[in-house]
Amino acid sequence: MTRFRLTAGVVLLLLTISCGRRGNEPAPKYSLSRVVVITIDTLRADHVECYGYPRVKTPHINQLARDGILFQNAVSPVPLTLPAHCSLFTGRYPIQHGVQDQSGFFLAPGSETLASQLKARGLATGAFVGSFVLDSRFGLSQGFDYYYDRFDASRAKGSTAEALERRAEVVAKEALRWMEEPRPQGFFAWLHFYDPHTPYSPPEPFASLYRDSPYDGEIAYADSVVGTVLDFLNRKSWYEDALVVLTSDHGEDLGQHGENTHGYFLYDATVRVPLVIKLPRKAAAGKTVESQVRLTDVMPTILQAVSESGEESSHTGSLLPVLSSTGMRTSEEAFGETNYPYRHFGWSPLRYTRTDQYKYIHAPSPELYDLRRDPSETTNLFDSQRELADRLRERLWAGYVQLEGARSAGNRTSQTDVNLARQLSSLGYASGSSRAARLGLDKDRPDPKDKLRLYQLYLNALLDSQNNRLDEAANKFHEVLAEDTGIVDAYINLGLIYNRKGKHQQAIQQFRQALTADDSNGVATYNLAHSYALAGQLPEAVRGFERTLALNAKEGRARVGLGIAYQLQGDLDRALEQYNLALELDPYDSAAHNNVASICLARREVDKAILALRQSLGIDDRNAETRNLLGSAFWLKDDAEAAISEFREAIRLNKDYVDPYLNLGMLLGSQKRFSEALSSLNAAVRLAPHSARAYQILGQTYLAAGRKAEAGQAIARAKKLAKP
C-alpha cells in the first residue's frame, strides 16, 4: 500500500480550513423550542425533484426547500447507515467517534451527541427509527428521553426482514403521538425513514406509479410521509418557528459504478446526499448554497441555532454563516471512508478527500475526478494530473492524522452480535468480518475495483438466499470460495443455507471451515453451536454456546440457544436462568419470552405463562408461535373457546406452521367435533408428511370418531415413520 507523506504546510492548511465561522459578520440568533430532523435512508441527492431530477415527484421536500435553504453539495463521511448517523449526531468523523462499519461497532457510552446537548438545554428528546440497523443497542439512543426502536431480534430468520424495519408512516405515527404530548419546554424529534433502502417495495399507489423504478417509488412514498409530518407541524402552528432539517445518511449506486447498493465504493452516487434546513420564520427561504458542506456540519449548526446568544458550540462547522449579508462561507474540505471491503472481505479499505471541484479516492489504484466537468466520475485523471493527486493525497493523510488526534476516548468495538449478523444479512449487508479484517492496514490488499465481479457474485448469492433459491445461492457461494478462500462470510452463509435445507452435518462442516480461517469469529462460533443443537448433539451445542458467550458475554442469542439445549436435556432451572439473562440483554426478544412461557406451561404455572406470552405479543402480535403457546395455556385453563381462537389465529398468521393444526385437531377431537378435528389433522400431515407424531394423533382421532379403517392406516404409517 502506498505510504502517505506528511508536511508541516499541509497540517497548517488543515487547521486553517477547520475553524468554524468565516468572515466578520455574526450568525443570526434564534430562540428555538422545536427542532425536527428527518433522515431518509439511502437517498441520492440527484434522485430528488428539487435537486433537478424530473422522474420522481417530491412535492413536500420541494416545499421544505422553498421555505428553507437547499445545500447542493452535502456529502457523507461514510456510505453506511450506522456510522453515517453517528457522524450526523456527533459532528465527528467515523475515525473520531469510532463507529467505522455497520457490524461489530457501537457508539461508546458517554459520547457527546446532539440529543444529549439539546436535552441539557432543556428540550425533551425523542427518536423514531425505521430499521434495526439503528437499534438503541448501538449507542445512538444516548441523550434521548424516548427511543422508539422495539425490533424483535428473534424473528430475523433466513430471508425475512419483516421484523427489522418499519414503514415511514409507522415511524411518523409514533413520532406525532409523542410530539403532541404536552411539552412546554419544547422538543427535539428525530424521524428516520428507511424505505428507500433495499429491498425496494413501495406501497400503492407508488408501486404502480413507479413500476419501472421502485427505488424512486420508495422516495416518492417517503416524501408523502414527510408531508404528513409538515402538515402536523402546520396544524399545531409550530412549523413557522420550528427548525426543520431533512437529509440522508448516504445514497445508492444503482449500478452506476458496478455497485448496486452502497458501502463498497466512495463515488458521489453513494456519498452525496440532500440537505435542506428550514430556519425559524423561514429565514433565508429559497436560498441555494453551492459550496460543499458535510453531514458533520449539521450538529453544530443546530446547536448554534438553538443557542439564545447565537454562540457556536464546541464543534466547528456551523452552516449559519451562509445567512450573512454576503451569504458566503469558505468551503470546507470533506473526508470520507469505507472499511466495508476491508472488514468483510479482507480487501483494501478506501478513503476520499473532496473539495468543491475535485475528489481524490485513495486505493491501491488511486482515482482523481474533476466533479465540475465530470460529476458522474467516469474519467480518472490520476495519471494526467499526478501533481494535483499527490497534493490531495497528502491533505487526506494530514486530515486523518488530525482527526485521529481528536478521537474520543473510550470508543471501541464489540464482537459482532450473531443476531445482528443474521439481521444485517436479511437487510442486504455482509454480516460478519473476516480474520483479515483484524490485521493491520499496512499490508497490500486487493483493490475493491479489481474484486467487483466477485463482490457482485457474493451479493447475488445473498439475494438468492433471501429469496429461498437455496441451491443457486449455495452454488454461487462455492464459486466465491473457489476464487478467494479467505472470505469467512461465504462459509457462514453456506452453513446457514445447509441448516435451512436440514443438512446440519454439512452446515457444521462449513462453520468449522470458517473457524479454521478465523478462530475467534463469534458469528461462526454461535452458528456451529446452533447446528449441533439442530443435529441433536446437545453436549457439543452447550460447549459451543458457552464458547460464544466467552467471546461476547452480551450475545443474547447464545443465551437463548443455551437455554434451549438445557431445556431439551430436562434442566429447566438452568434453561430458565439463561432465558432471563437473554431478556436482560434484550427485553424485546419474543423467542425468550415464549421459551419462558413454555417452561411455565411444563410446570403448570399457567398464569405466569400467559403473562410472558402477553409480553411477547406486546412486542409482536403477529407471531404464530406465540399464538400457539397462548392457545395451549388457555387449554390448560379449561378455556376451550379461547384456546381454539388462538390456534386458529396462529394458523392464519402462518399457514405452514404445523403445531397449531395438531393442537386444534386434538382439542376439537376432545370435544367430539370430529369433522373439524380431522380436517385440521389432515392438513397437519400434508404439511409434515414424515411426522410420526402427526400420523399417530390423526389415527387416534379417527379411532375416537369410529372410523377404524382410516385409523389403522394412519397408525400403521406412524409406526413405519417411527422406525430408526
Show me the helices of the chain, taken as full DSSP H stretches, that run 24 Å or more along their long axis by Cα and average -0.5 or above in Kyte-Doolittle hydropathy. 214-235
Straight-line reach from LYS449: which lysines fall under 23 Å, measuring Cα to Cα and dropping same-chain residues less than 8 apart? LYS359, LYS476
Would you list LEU470, LEU80 from fewest to most Cβ contacts within 10 Å? LEU470, LEU80
Among ALA553, TYR579, ASN654 - extreme Cα towards positive end, dipole of the stretch 549-698, charges at beta-carbon: ASN654
Quick check on the exposure proxy: order ILE361, ILE564 from fewest to most C-beta atoms within 10 angstrom. ILE564, ILE361
Could you check the spin-label model distance between GLU180 and GLN456? Points 7 Å from the Cα along Cα→Cβ, value in nm. 4.9
Share antiparallel - DSSP beta bridges, the chain, percent rounded to 5: 50
Hits among aspartates and glutamates - C-alpha to C-alpha of LYS282 under 14 Å, sequence gap 8 or more where chains match: ASP67, GLU240, ASP241
Taking a ≥ b ≥ c as the square roots of the eigenvalues of the Cα gyration tensor, with a/c under 1.5 meaning rounded and otherwise prolate when a/b exceeds b/c and oblate if not, the stretch 656-724 is oblate
For the residues LYS637, LYS672, LYS449, LYS278, what sequence is obtained by ranking on other C-beta atoms within 10 Å, fewest first? LYS672, LYS637, LYS449, LYS278
List residues of the stretch 643-671, by number, whose backbone nitrogen lies under 18 Å from a label position 7 Å along Cα→C-beta of LEU703. 665-671
Distance in nm between ASP444 and GLN357 label points, each 7 Å along Cα→Cβ, equals 3.4
What FRET efficiency do you get for THR485 and GLN385 if R0 is 45 Å and r is their Cβ-Cβ distance, rounded to the nearest 0.05? 0.70
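What's the FRET efficiency of GLU404 with LYS655 using the Cβ-Cβ distance as r and R₀ = 60 Å, to the nearest 0.05?
Once rounded, the FRET efficiency stands at 0.65.
From the cross-link list LYS672/LYS708; LYS655/LYS708; LYS501/LYS720; LYS173/LYS236, which pairs have alpha carbons spaced over 18 Å apart?
Among LYS672/LYS708; LYS655/LYS708; LYS501/LYS720; LYS173/LYS236, the Cα-Cα distance tops 18 Å for LYS655/LYS708; LYS501/LYS720.
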Modelling each spin label as a point 7 Å along the Cα-to-Cβ direction, I'd like the ASN260/LEU721 distance in nm, to one decimal. 3.8
Specify which residue in the list SER213, LEU279, ASN467 is farthest towards the positive end of the charge dipole of the chain, using unit charges on the beta carbon of Lys, Arg (+1) and Asp, Glu (-1), about the Cα centre. ASN467
Let's see if you can work this out: charge +1 on each Lys and Arg Cβ, -1 on each Asp and Glu Cβ, no other charges. What is the dipole magnitude of the stretch 656-724 about its Cα centre, in debye to the nearest 20? 340
Row for the stretch 58-208, column shape: gyration tensor on C-alpha, a ≥ b ≥ c, rounded if a/c < 1.5 i.e. under 1.5, prolate if a/b over b/c, else oblate; value rounded
Could you give the dipole magnitude of the stretch 606-655 about its Cα centre, charging the beta-carbon of Lys and Arg +1 and that of Asp and Glu -1, in debye to the nearest 20? 160
What is the distance in Å between the Cα centres of the stretch 574-593 and the stretch 78-94? 31
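How large is the dipole of the chain about the Cα centre if only Lys and Arg carry +1 and Asp and Glu carry -1, each at its Cβ, rounded to the nearest 20 debye?
On the way: 84 positive and 86 negative charges, 291 e Å.
Charge dipole of the chain: 1400 debye, to the nearest 20.
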Most positive-pole-ward Cα, ALA716, SER670, TYR702, against dipole of the stretch 656-724 from beta carbon charges: ALA716
Efficiency by 1/(1 + (r/R0)^6): what FRET value for GLU204 and HIS478, r their Cβ-Cβ distance, R0 = 51 Å, to the nearest 0.05? 0.80
Expressed as cubic angstrom per residue, what is the convex hull volume of the alpha carbon set of the chain? 169
ASN234 to ASP607: extension gain in nm, 0.36 nm per residue of separation minus the Cα-Cα distance? 129.5 nm
Under 18 Å from a point placed 7 Å out from the Cα of SER670 along the Cα-to-Cβ direction: which residues of the stretch 603-638 have their backbone N that close? 603-610, 627-638
Which of the lysines could a cross-linker span from LYS608 if the Cα-Cα distance has to be under 27 Å and same-chain partners fewer than 8 positions apart are dropped? LYS554, LYS637
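Values quoted throughout were computed directly from the atomic coordinates according to the rules given, and no laboratory measurement underlies them. Only a predicted model underlies this, so the values are computations on that prediction, with no experimental measurement involved. With ideal geometry, Cβ positions are generated from the backbone for all residues, glycine too; neighbour counts draw on all protein chains shown.
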